[in-house]
Amino acid sequence: MGKACGLAYTALLGAAMLVLAGCPNGMGSPNSSDSLISFSFKSVTATASINGTAISVTVPYGTNVGALVADFDSSGATVKAGQVSLTSGSTPLDYSQPVSLTVMGSDGSTKTYTVTVTVAPPSTNALLASATLADSNGGTYTFSPSFSPTSYSYTQGSPTSLPSNGGAYTYTLTLIPQDQTATIVVTEAGVSGTDAKFGNDFTLKLTKPGTSATITATVTAQDGSTTQTYDFALDVLFRG
């Protein structure tokens, strides 16, 4: 009886050792060879998060989600979308609908992730970030009141330097929007100019000392409907 028990104990111990040897990392180990470690899109400023096997990505308004190229880091041997093998930073995919990505580890294990891409709504920011006025004589000017994005009417202050003589000068009013997707249209009584590109200067030429003008800048947000106007009253009576 004692001998039989000894054999049974030995057999049970051997079985236990075999079971443990088959799971060296434990169930659900974070060191799995079939995981996506990071995920983003090439050439797109995106916000991504991985929560279990769910990947959520938000891309800017206007992004073409029909041919996005993913940048990812994986512990697996291969990453596929259906039968399409993905190479990080190279393979375009249509993400207009949720996409299933299957990661296969070198040990043959697999894990499937679902990537859901959301396009952010258009910006409604129609505010200016800054406004500056300078002349071709090297002078720069203050505004009254001091510029603030939420103040919308200004008069020209004194220059930091006076011209050496009278005559015609070129005045450059530089308007920069807070949101680079916004557009600016600038008008002035009797003269008009448009600036539909971010960061471009509007140049106003005043032909003689004593000229004054009120410049109206209309900023239109990316959504195409949110607007804000700013008025700048320029007076160069002191330039004589």
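Can you tell me which residue is modelled with the lowest pLDDT among those in the stretch 133-184 that are closer than 18 Å to T214 by Cβ and among the hydrophobic types (A, V, I, L, M, F, W, C)?
Ranking the candidates gives L173 first.
Could you pull out the residue among V44, V65, V79 that is among the β-branched types (V, I, T), surrounded by 15 or more Cβ atoms within 10 Å (Cβ to Cβ) and modelled with pLDDT under 95? Please lay out each step first, then the result.
On the way: V65 fails: modelled with pLDDT under 95; V79 fails: modelled with pLDDT under 95.
One residue alone meets the criteria, V44.
Is it true that some residue in the stretch 144-155 is surrounded by fewer than 16 Cβ atoms within 10 Å (Cβ to Cβ) and aromatic (F, W, Y)?
The answer is yes; a qualifying residue exists.
Please note which strands (runs of 3 or more DSSP E) are completely contained in the stretch 90-166 and include at least 1 residues that are in contact with an Asp or Glu (Cβ under 8 Å, 6 or more places away or on another chain) and under 29 Å from F39 (Cα atoms). Give the derivation first.
Values: elements: 99-104, 110-119, 128-135, 140-144, 153-159.
Answer list for the stretch 90-166: 99-104, 110-119.
The values are calculated or read from the model by the stated rules, or taken from the named source; none is laboratory data. Note that this is a predicted model, so its numbers are computed, not measured. Reconstructed Cβ throughout: ideal geometry from the backbone, glycine too, with neighbour counts over all protein chains shown.
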